[in-house]
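Report on the following structure.
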Amino acid sequence: MELFGSNHRKAILAGFIGTFALSVLMVLKMLSGFAPQMNPIRDLTGLAHDVAGLPRMMPIGWVLHFVIGSVVWGTVFTLLHPILGGSNRRKGVIVALLAWLLMMVGFMPMSGNGLFGFGIGPMIPVMTFVFHVVFGLVMGTAYSWLTGEE
């Protein structure tokens with residue numbers, strides 16, 4: 001797959017679809033009242049303010065969330081696709097677990113939530129792991145549908 005080719009664009013769209021599914025889970029979690037301290041959109045908004053001076057507006061966090069999930073992880077999917085074995089769903093889950101690991105050791109500490117989010121609570125790594133697996137499964141499935149593979 002070449003960057004900016006047809007399949008790369010399809011991977012970005014698949015990343016968007018996966019991010020949408022993840023976002024639905026995030027909103028359901030927020031509405032349920034479970035782990036209210038865990039709010040990656042609020043954290044992205046805060047980081048965008050602290051690092052880039054952007055206003056503290058939640059839509060900025062949502063846009064960043066979708067750009068990261070679509071463009072960044074869709075591109076990673078494109079780059080790793082030729083070297084990962086198995087189905088597109090499997091490839092999507094591998095990419096999603098890479099995203100989860102980077103979130104746990106990078107984003108969580110930068111947001112003041114501690115390594116693996118343990119500053120929030122012990123269930124945060126488990127919950128975010130499951131959410132990312134769903135993201136990867138949806139992204140891989142969407143990619144298969146969009147490309148006609150599998």
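Numbers for the structure displayed
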quantity	calculated
Mean Cα-pair separation over length for the chain, i.e. relative contact order, pairs under 8 Å, 6 or more apart, %	35
Potential extension, residue 30-residue 4 segment - 0.36 nm per residue separation minus Cα distance	5.8 nm
Magnitude of the charge dipole, the chain, Cβ model with Lys/Arg +1 and Asp/Glu -1, debye to 20	140
Contact order normalised by residue count of the stretch 1-81, Cα under 8 Å, 6+ apart, percent	51
In Hz, Karplus ³J(HN,Hα) per residue of the stretch 84-98 (6.51, -1.76, 1.60; θ = phi - 60°; x = Gly, Pro)	8, x, x, 6, 5, 5, 4, 4, x, 5, 4, 4, 5, 6, 5
Of 111, 32, 70, the one that fluctuates the most in a GNM where the chain has Cα springs shorter than 10 Å	32
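Laboratory data are not the source of any read-out in this text; all were calculated from the coordinates shown. Predicted, not measured: the structure shown is a model, and the values here were computed from it. Every residue, glycine among them, receives a Cβ derived from its backbone with ideal geometry; neighbour counts consider all protein chains shown.
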